[in-house]
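The values are calculated or read from the model by the stated rules, or taken from the named source; none is laboratory data. This is a predicted model, so every value here is computed, not measured. Cβ atoms come from the backbone with ideal geometry, glycine included; neighbour counts cover every protein chain shown. Areas reflect the complete protein model, heavy atoms only, side chains present, ligands, DNA and RNA absent. Shrake-Rupley method; radii C 1.70, N 1.55, O 1.52, S 1.80 Å.
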Amino acid sequence: MKTHVRVLVIGGGVVGVSTLYHLTKKGWKDVALIERTELTAGSTWHAAGLLPLFNMSYTVGQLHKYSVDLYKRLPEETGQDVSFHVSGNLRLATCKERMDEYQKYCGTANTIGVPFEVIGPKRVKELWPLVELGGSADTPAIIGALYHPDDGHIAPADLTMALRKGARSAGAEIYEHTEAQAIERTPSGEWKVRTPKGDIVAEHLVLATGNYARQTGRLLGLNVPAIPVEHQYIVYDESPELKAYRQGGGRELAVLRESDQSYYLREERMGWILGPYEKGAPARFADGVPDWFGRSLFPGDLDRLVPHVEAATRRVPALENCGIKDIVNGPISYTPDGSPLIGPAFGLRNVWLNEGHSFGITAAGGSGWQLAEWITQGEPGIDMLAVDPRRYGAYTGKRYVVQKNEETYRNVFTIHFPDEERADARPAKTSPVYDKLSARGAVWGQRYGWERALWFAPPGVERKDAWSFRRSNYFPHVGNEVRLMREQVGIIDLTPFTKHEITGPGAEAWLDGLVANKVPSKIGRMALSHALTPRGGIRSEFTITKVADQHFYVVSAGAAERFDGDYLVKALPADGSVQLRNITNTRGCFVVAGPKSRAVLTKLTDTPLDNDAFPWLTAQTIEAALAVDVYALRVNFVGSLGWELHFPIEYAHNLFDALFEAGAAHGIGMVGMRAMESLRMEKSYRMWGSDMTPDYTPFEASLDRFVRMKKGAFIGREALERQLAAGVPNRFVTLEVHGVTDADPLGNEPLFDKSGRMIGRATSGYYGHCVKKSLAIGYVKAEFAEPGTPLSILILGEMKQATVLRESPYDPDNIELRA
Ligand SMILES: Cc1cc2nc3c(=O)[nH]c(=O)nc-3n(C[C@H](O)[C@H](O)[C@H](O)COP(=O)(O)OP(=O)(O)OC[C@H]3O[C@@H](n4cnc5c(N)ncnc54)[C@H](O)[C@@H]3O)c2cc1C
């Protein structure tokens, strides 16, 4: 066994072996994998082998697409068959909302180049003659389906062996019966892994340990939010009807998914495999996998299976005539949002996670591909935020993860509405004024563990969302909040913002090297700044305010706390000249905005708020009501006259009550996140994570005014120079979408030119309640970015005309902001 390697992968399931394979593809040959028992001994050996291309996430969709393409070419490359049955995949719909979901997905599929067909019942029957089209109360009529002709199922163990062969023939080593038992950091910063066969030192470590993710994480002091849930499928005996159909020349039936009954069904040796996602499936191994489990399975739980078996038998009566051969019930790794953890481990250099895979057979290829790119080149090739382990924070304690994973499992097949908010493990993190907002009718959502008021139900209106892909019950109330903000004064509680304090003699120069904008050098100045990837893509957005000498207050998105914090910590200079403190939970934030905001705030503070004393884009430390040491920032994400008040958290109640008392005469009211979405869309404000991602540079995002190419070195600058020399390929645009009556764009819709060629994608969309326009923002090829350019956009299967607008349809000259 080698004693030193460049990368050591821990875990010999399909995901670990794929990572090893892809590292060799990147030219890193000094790599090895250790497996505690035998390859595939974890969840891989008993997986059903389905490879669904369907995924609502733009990132995960790309990973799955890569996998399916790779698995088709692997046999030729490695000489090892993988039993890939390209049977196709049919997802049935029995209600209009389900068809909306498929149509929404089709937008994403278009933008990433996944082939699909939306079909009607007649074609369903042609493709799947053994299905009942239904039409009764217990077997509703199939109204349509989504068909992927290119996916199917594979033999997971064969796939792993093909990847193993590819990796080994390129020089990688694999050691079975070699468990990682302890891990420590060497003085030189490498990682020493103790195994029963001796120590291995590695520059980089990859954890790909499936159900063992939590205990492997513990070896490094990491809390990995991956806990498995029981998942079972039934293996049926031979089916006479299926046999007759196949012997009569019928082609292999597509994998069938009846989403509305939460099960999948596929052929298996003239019989079937039926896999439901049941209610009540328990999380397992929250404290680690016990030694006795090994390659075992859990006993089958028929009670949980029965409702799905009955529904499937009504839909496919052939199931009635075959006996059950086996029930496979195994642990399937889950995370709170159901997407895997692929990327850097927080807080530790050169430790990488490829954990938490619930569709690991499908995702193995893509996750190995991107992780290998990340390790060898310092960044992934596509935007990986949706799967980045740092999208979770410290709030993912054991009980939170257990509850969320069980909830996510039982909701695999429920309709994924864009405005869906799940109920379990809530409320977890709340702002101090949570109860006050509830009393004002808040309808709550959750992000990064925080409760956030989505909208406020007026008296007499039910505090409940009717989730939809279209305008819904809250539409008029959100409109009222938008108008309140534009015409009077509104408050948004943005306490969840990520807040860092950066101090020390080296602070300014250090920050300046991290971001593309000039870091403010005068006290009271602020700058919207973007940290870029080495390829020039946007990785983070920071509002940097200089609050005192050698003292910066840095604010970023609430959901970016660990993502940004980890980046900043790892980038700190070693000489101690800069101190970084995460102060997220020590300060609250209220946005006070609208034309009356000055009048309201003036009653709370002695600090003059007129334009001369407190101009737009400046900051001061003020007293407001009884609150002291309040950072007042004359900036906001809604585009009206206003201030963000960042106050010591203990003053939240006092400040809140004082604002409402002072604002009563001006009609002050609360404004929620949905109204903020409408307000920011009217101002073309880009949102980190959806409109600003590593896929686009700040020039493509038309954020040129926040890039100072002449200021000196910063990360990503060379890439920007190259892009400027070659020409900026895409540009950010704001679009008015015409003829929308109930389905506004929401992001991930494809954009087309007059000839029907796809030339871009929307990254967000919403109804602009003040400008009274349905709006989309996103990226198009640069030649289509001129205001007035006619385009079209596909929304829920309907092609709509759209026109490129001048940026910021509401108050384009920022007159209100400067008022
Ligand atoms: C019943 C069932 C059906 C499924 N069907 C499908 C499907 O149809 N399609 C699909 O895409 N996915 C499916 N899955 C999910 C799929 O099985 C997993 O996502 C996938 O196998 C995960 O692979 P992995 O490599 O991450 O983990 P694993 O296969 O569990 O591999 C992890 C490996 O790490 C090893 N290990 C752990 N700790 C250590 C250590 N300290 N040192 C060394 N080695 C260690 C383990 O022994 C294990 O071999 C199914 C799962 C179940 C339970």
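In terms of the mean number of neighbouring beta-carbon atoms within 10 Å, the peptides 457-464, 714-721 order highest first as 714-721, 457-464.
Reducing region 685-724 and region 593-646 to their Cα centroids gives an inter-centroid distance of 30 Å.
Backbone phi angles across region 585-594, fed through the Karplus curve with coefficients 6.51, -1.76 and 1.60 (θ = phi - 60°), yield HN-Hα couplings of 8, 9, 10, x, 9, 10, 8, 10, 9, x Hz in residue order; Gly and Pro are listed as x. Taking all Cα pairs closer than 8 Å and separated by 6 or more residues, the relative contact order of region 269-380 comes to 18 percent.
What is the magnitude of the charge dipole of region 708-819 about its Cα centre, with +1 placed on the Cβ of each Lys and Arg, -1 on the Cβ of each Asp and Glu, and no other charges, expressed in debye to the nearest 20? Write out the running numbers ahead of the final one.
On the way: 15 positive and 14 negative charges, 99 e Å.
Charge dipole of region 708-819: 480 debye, to the nearest 20.
Normalising the Debye intensity of the chain to I(0), with uniform scatterers on Cα atoms only, and taking log10 at q = 0.06, 0.07, 0.10 Å⁻¹ returns -0.40, -0.55, -1.14.
Phi angles across region 627-642 convert, under the Karplus curve 6.51 cos²θ - 1.76 cosθ + 1.60 with θ = phi - 60°, into 3J(HN,Hα) values of 7, 10, 6, 8, 7, 9, 10, 7, 6, 6, 9, 10, x, 10, 3, x Hz, Gly and Pro given as x. Per-residue Karplus couplings for region 612-617, computed as 6.51 cos²θ - 1.76 cosθ + 1.60 with θ equal to phi - 60°, are listed in order as 6, 7, 9, x, 3, 6 Hz, Gly and Pro entered as x.
In this structure, the pairs whose alpha-carbon distance is over 27 Å, taken from K192/K570; K499/K711; K29/K781, are K29/K781. Separation of region 431-479 and region 115-187 by C-alpha centroid, Å? About 38 Å separates the Cα centre of region 431-479 from the one of region 115-187. Near N223, within a Cβ-to-Cβ distance under 9 Å, what is the net charge of the other residues, with Lys and Arg +1 and Asp and Glu -1? Spelling it out: positives minus negatives among the neighbours equals +3.
Using C-alpha pairs under 8 Å with a sequence gap of at least 6, the mean separation divided by the residue count of region 196-310 gives a relative contact order of 28 percent. Database remark: amide H of V201 closer than 5 angstrom to the amide H of H4, V5, V193 (H placed geometrically; neighbours at sequence offset of 5 or more, or on other chains; Pro and chain starts carry no H).
On the chain, 51 percent of the accessible area sits on carbon and sulfur atoms, based on a 1.4 Å probe. Selection among F497, A516, I544 by position relative to the dipole of region 490-544 gives A516 as farthest towards the positive end (Cβ unit charges, Cα centre). I need the shape label for region 669-812. Rule: rounded when a/c is under 1.5, else prolate if a/b > b/c, else oblate, with a, b, c from the alpha carbon gyration tensor. Oblate, since a/c reaches 1.5 and b/c is not below a/b. So what is log10(I(q)/I(0)) for region 423-517 at q = 0.13, 0.15, 0.17, 0.25 1/Å, when the Debye sum runs over its Cα atoms only? Log10 I(q)/I(0), no solvent term: -0.63, -0.74, -0.85, -1.39. Calculated [222 nm] ellipticity per residue, helices only, for the chain: -8000 deg cm²/dmol; basis is -39500 (n - 2.57) per DSSP H run with n ≥ 4, divided by all residues, nearest 500.
In this structure, the amide hydrogen of R587, modeled 1.01 Å from its nitrogen in the peptide plane, lies closer than 5 angstrom to those of I649, counting only residues at least 5 positions away or on a different chain. Rolling a 1.4 Å probe across the protein heavy atoms gives the chain an accessible surface of 36 Å² per residue. In the context of the full protein assembly, I327 retains an accessible surface of approximately 40 Å², using a probe radius of 1.4 Å and ignoring ligands and nucleic acids.
With a Förster radius of 22 Å applied to the C-beta separation of D30 and E379, the computed FRET efficiency comes to 0.55.
In the structure displayed, which of K279/K398; K279/K800; K522/K772; K596/K683 lie more than 31 Å apart, Cα to Cα? Where the Cα-Cα span goes over 31 Å, the pairs concerned are K279/K800; K522/K772. Across all directions, the average projected area of the convex hull around the alpha carbons of region 147-259 is 12.3 nm². Spin-label pair E238-D612: with each label point 7 Å from Cα along the Cα-Cβ axis, the two points sit 9.6 nm from one another.
The relative contact order of the chain, computed from alpha carbon pairs under 8 Å that lie at least 6 residues apart in sequence, is 12 percent.
Note on the chain: dipole from Cβ charges, positive end direction compared against F714, L641, L302; the farthest Cα belongs to F714.
Please label the shape of region 618-667 as rounded, prolate or oblate, based on the square roots a ≥ b ≥ c of the eigenvalues of the alpha-carbon gyration tensor (a/c under 1.5 means rounded; beyond that, a/b larger than b/c means prolate, else oblate). The shape class here is oblate. Net charge in the neighbourhood of K404 (other residues with Cβ under 12 Å of its Cβ; Lys, Arg +1, Asp, Glu -1) is +1.
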